[in-house]
Amino acid sequence: MSEDIEIEEPETGTLPLDAWHRGKGARMVEFAGYWMPIQYEGIVAEHEWTRTNAGLFDVSHMGQLLLSGPDLDAAVEAVLPIDLSTLKLGQQRYSLLLDEDGGVLDDLMVSRWPESLYLVVNGATKWDDIGHLREYLPDEITLNHLDEQALLALQGPKAADALARHASGEYPLSALTFMKFGRFTIAGHEVTIARAGYTGEDGFEISLPGHAAEEIADLLCGEPEVKPIGLGARDSLRLEAGLPLYGHDLSPETSPIEAGLVFGINKRRGSPVEQGGGGYPGATRINREIVEGTLRKWVGLKVEGRMPAREGAEVFAGGEQVGVVTSGGFSPTLGAPIAMAYVASAHAATGTALEIEVRSKRLAATVVPTPFVPHRYYRGK
């Protein structure tokens, strides 16, 4: 006779700014295993504030990893399709963690630190990523999970002005351009600042000691341009920017070529083996798809009317289902619904007329280029 075994659900974690968010009236939700703020005064208001001023996002749920050890570049290139010979000190680059079939396990950022590589991985996948890296990297490579570090993102056209009043270093903050980083000091705390983000706006990601998070958040939100912004506006901003979200637009069932992420397969790595390419998980499939194309493609869709199409909605060409929506919502900037979907390659050309089924109704949609709202990354004057 068997007994029922009770399995305890893991307790939802809290981040360094949990009490700070609650004190500012944030509505908290469970996300990626943590309590996170979804909004403060409202998603649309926070979205519009970030587009015109500067918003402070708490992204401390992300995984911050530091890799070091002998022959580090070769070890990491055996796991990621990145060309580390072209990644210089002070630069960061987008990359992908792939399975043996070329499916996406995660997308991540890689930065060149002195004698080490710093990775930022998605919060929902970080424990799986850590396990995967420990399994596939040589034993001589040390992986440190920087779990005592917080991560804040300051995004928007006025982010640089607000942050420059508090960040000091060997060179001015304005010397950082898109995808570059440096070491700075804020309120006596050593921090690492990268000029990057997930909103399509100019902005920064700040890695800082967890114990200093509240002090630095207060300093930044004390500036007239800055307000705290929740996950809701973060999602609507990244949707307008045409940026994929892991677990929705990317998964082990999708290849980076289908997803339009060929730039994440650095040129040398995506070339034939005889030219120095390959050597990473899934390379055979991915390098074939680079040359031959894919059966489906990830596209942007502009939807007629006011009703948004959400993830999972089916996409049709006449009576034939040709795709499925992976992200969708109402765009505050455009004043119209937008979506992103995987559709059959024969229906993926810009201008193609399609329909999306929402609540048993067919909504007219058109394939459009992404981003829906132009990126405003700072690449220098």
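The values are calculated or read from the model by the stated rules, or taken from the named source; none is laboratory data. Keep in mind it's a predicted model, so treat the numbers as computed, not measured. FYI the Cβ positions are ideal-geometry reconstructions off the backbone, even for glycines, and counts take in every protein chain you see.
Descriptive notes on the structure:
- Residue that is nearest to ASP128 (Cα to Cα) [pool: residues in the stretch 23-32 that are in a loop (DSSP other than H, G, I, E, B) and at pLDDT 95 or above]: ALA26
Residues are listed down the side, and each one gets a yes or a no for (1) surrounded by 18 or more Cβ atoms within 10 Å (Cβ to Cβ); (2) modelled with pLDDT under 95; (3) more than 22 Å from MET109 (Cα to Cα); (4) touching a helix residue (DSSP H, G or I) at 6+ places or on another chain (Cβ under 7 Å):
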| residue | (1), (2), (3), (4) |
| --- | --- |
| LEU237 | yes, no, no, yes |
| LEU243 | yes, no, no, no |
| SER255 | yes, no, no, yes |
| GLY293 | no, no, yes, yes |
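- Looking at GLY131, GLY197, GLY210, just one residue is within 30 Å of THR333 (Cα to Cα) and either within 21 Å of the chain's Cα centre (by Cα) or surrounded by fewer than 20 Cβ atoms within 10 Å (Cβ to Cβ) (or both), and that residue is GLY197.
Conditions (1) farther than 26 Å from THR192 by Cα; (2) crowded, with 21+ Cβ neighbours inside 10 Å; (3) in contact with a helix residue (DSSP H, G or I) (Cβ under 8 Å, 6 or more places away or on another chain); (4) in the same structural domain as THR192 (by TED's automatic domain parsing), marked per residue:
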position	(1), (2), (3), (4)
ALA26	yes, yes, no, yes
GLU30	yes, no, no, yes
TRP35	no, no, yes, yes
ILE38	no, no, yes, yes
GLY42	yes, no, no, yes
GLU48	yes, no, no, yes
ALA54	no, yes, yes, yes
ASP58	no, yes, yes, yes
SER68	no, no, no, no
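- Single condition VAL343 does not satisfy, out of (1) among the hydrophobic types (A, V, I, L, M, F, W, C); (2) crowded, with 16+ Cβ neighbours inside 10 Å; (3) without any contact (Cβ under 8 Å) to a residue 12 or more places away in the chain: (3)
- Of residues in the stretch 346-362 being assigned to a strand (DSSP E or B) and not charged (D, E, K, R), the one surrounded by the fewest Cβ atoms within 10 Å (Cβ to Cβ): ALA353
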